[in-house]
Amino acid sequence: MTLAEVLSVIEGKKISCDKDFSQEVSMACGADLMSDVLAFTHAGTLLMTGLTNPQVVRTAEMAGIVAIVFVRGKLPPPETIALAKEKGIPLLASKYTMYETCGRLYQAGLPSCGLFHLTADTWPDNLPSSCNQQA
Amino acid sequence: MVTNSREGKATLTSGPALEVTKLQELVYELKIEQVMTQKVITVSPEDSMRQLKEVLRLNRISGTPVLRDGELIGIISIEDVIKALERGDIDANVGQKMTTEVQTVFADESVIQAVNKFARFGFGRLPVVNRQGKLAGILTQGDIARGLLRQLEIDYHEEEIHRYRASHIFEDIVSDQTGLILRYKVRAQDFVRCGEAASKLKRALERLGAKPATVRRIAVASYEAETNLVIHTIKGGELIAEVQPEKIRIVAVDSGPGIANVEKALQPGYSTAPEWIRELGFGAGMGLNNIKACADEMHLESKVGVGTRLEIVINL
């Protein structure tokens, strides 16, 4: 999916308009915990986040994130925009919540960046909660 | 803060980082149209099961889409032929025996979508359609395996070129052990500039021609290490990278306060970070684990009141 298509699916706005929006993203991730982004994403990922500080751009740079979508209509401060410009990372804004922004993209066919079988393999068989037991 | 007064000292060596990652990335990067078989053998609903049997046998395939006037209306497989034979129904029409609710994938979708569908439904093949709903090809798990192998081979050639560039500087400068040392000072509590050291190191390694996947692991590990220096130290510290032809050694050192309980610090989710750091999206106790996952070797030593030394080795 190109960034231009992402924009139309989330009915979003460009924050940095000089960037190339024909770039492709092959998967996406929604997170406010930057360590999770560093741990679980792949190069080629689109990041949805509610954080707007410059460390989001740093994290994106290190993890090979293609572009960042700020959710819930939040706009990043000038220092974040400046750093993103320096690093060549396009910034997008969505007026929808994290859940809806991710949901729209997932429905449009953009897959999750989760390590698909590792996640399933490490899922515990016996969850501690009693509500998982079959009646 | 941690109040345990036990002197912390621990060393651990992790195994090589997961090699499956490259293949997983490819499954996302490759599009179905890049791996599918474009030339599709099809049958019409008016064909008999006997004719279908011959089509399957002569083309050495085990199933085929059913088309009427170019429209995909069903799918039929060798299993249906066997069932028809058992029932003496071999002269029935394909249209009577086919599956009409066809699971398809889009040509421009990523291969992961097909992998998931194969896993979920256990089909032998999936018809591939374009966004207009027209049949564009057919996909089997064998097509996916072949496509991945082909792409791995292309990536491998690119990697060879990268490796040549990386080794060049070390070939030109001859010594018994050549190493390039890059030092970065990291200031305590300066969160605005946090990541500059890792960013510069990343750029340096790209210039040296290191492989992109390796650069990413080094960048993530050194960024987490730098973040720890910013969050936890009193006077900041230093990030020192020694690049050798075969590996990179990154050392993060500081002069305190030191970690009271190193074993605890290595537990996922354990953190002593203050609230303001957590609000910035860090300090969730995953940093050292992230570093360990990226590194081929990791050693952590710390003494309260003296300082901490984290050493990471990543093979190039």
Original post:
Rounded to two decimals, what is Rg over Rh for the range A:50-95 when you use alpha-carbon atoms and the Kirkwood radius?
Top reply: 0.92
**OP:** Starting from the Cα of B:Lys97, draw a straight line to each of the lysines and keep only those under 17 Å, dropping any in the same chain fewer than 8 residues away.
**Re:** B:Lys53, B:Lys83
Original post:
Viscosity 1.306 mPa s, temperature 10 °C: Stokes-Einstein D of the range B:31-147 from its Kirkwood Cα radius, in µm² per second?
Top reply: 110 µm²/s
Original post:
Where does the range B:91-226 land on the Kirkwood hydrodynamic radius, alpha-carbon pairs, in angstrom?
Top reply: 20.0 Å
Original post:
Can you give the mean number of other chain Cβ atoms that lie within 10 Å of the Cβ atoms in peptide B:28-38?
Top reply: 2
**OP:** Work from the charge dipole of the protein assembly as shown (Cβ charges, +1 for Lys and Arg, -1 for Asp and Glu, about the Cα centre) and give the residue of B:Ala293, B:Val27, B:Gly88 farthest towards its positive end.
**Re:** B:Ala293
Subject >> Average beta-carbon neighbours from other chains, 10 Å sphere, peptide A:43-50 >> reply: 2
Subject >> Proximal aspartates and glutamates to B:Lys39, defined as alpha-carbon separation beneath 20 angstrom and excluding residues fewer than eight positions away on the same chain >> reply: B:Asp47, B:Glu54, B:Asp69, B:Glu71, B:Asp108, B:Glu109, B:Asp143
Subject >> the range B:140-293: projected area of the alpha-carbon convex hull, averaged over directions, in nm² >> reply: 12.5 nm²
**OP:** Within 10 Å, count the other beta carbons around each residue, average over each peptide in A:28-38, B:46-56, and list them highest first.
**Re:** A:28-38, B:46-56
**OP:** Note down the Stokes-Einstein diffusion coefficient of the range A:3-112 in µm²/s, whole number, using a Kirkwood radius over alpha carbon pairs, 20 °C, and 1.002 mPa s.
**Re:** 161 µm²/s
**OP:** List, in the order given, every pair from A:Lys74/B:Lys117; A:Lys14/B:Lys117; B:Lys117/B:Lys211; A:Lys14/B:Lys134; A:Lys85/B:Lys185 whose Cα-Cα distance in the structure shown is over 28 Å.
**Re:** A:Lys74/B:Lys117; A:Lys14/B:Lys117; B:Lys117/B:Lys211; A:Lys14/B:Lys134
Original post:
the range B:169-227 to the range B:279-311: how many Å between their Cα centroids?
Top reply: 17 Å
Subject >> Distance between the range A:56-92 and the range B:16-90 - C-alpha centres, whole angstrom >> reply: 44 Å
Original post:
If you wrap a convex hull around the Cα atoms of chain B, how much volume per residue is inside, in Å³?
Top reply: 196 Å³
Subject >> the range A:83-90 - phi-based ³J(HN,Hα) in whole Hz, Karplus 6.51/-1.76/1.60, Gly and Pro as x >> reply: 5, 5, 5, 4, 8, x, 10, x
Subject >> Test item: Cα-centred dipole of chain B, Lys/Arg +1 and Asp/Glu -1 on Cβ, debye >> reply: 380 debye
Original post:
Where does the range B:209-316 land on Rg(C-alpha)/(2.2 N^0.38 Å)?
Top reply: 1.04
Subject >> Peptide A:26-39, shielding by other chains (average Cβ, 10 Å cutoff) >> reply: 6
Original post:
DSSP H helices in chain B with Cα extent of 24 Å or more along the helix axis and mean Kyte-Doolittle hydropathy at least -1.0?
Top reply: B:141-172, B:212-232
Subject >> Under the Debye formula (equal points on every Cα, no solvent term), log10 I(q)/I(0) of the protein assembly as shown at q = 0.07, 0.09, 0.10 Å⁻¹ >> reply: -0.46, -0.71, -0.84
Original post:
Amide H to amide H, which residues 5 or more places from B:Gly74 or on other chains are under 5 Å from it, using H placed in the peptide plane?
Top reply: B:Val66
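All of the numbers you see were taken from the coordinates with simple rules; none came from a lab. Because the structure is a prediction, the values reported are computed rather than measured. For neighbour counting, all protein chains shown are included, and Cβ atoms are generated from backbone atoms with ideal geometry for every residue, glycine included.
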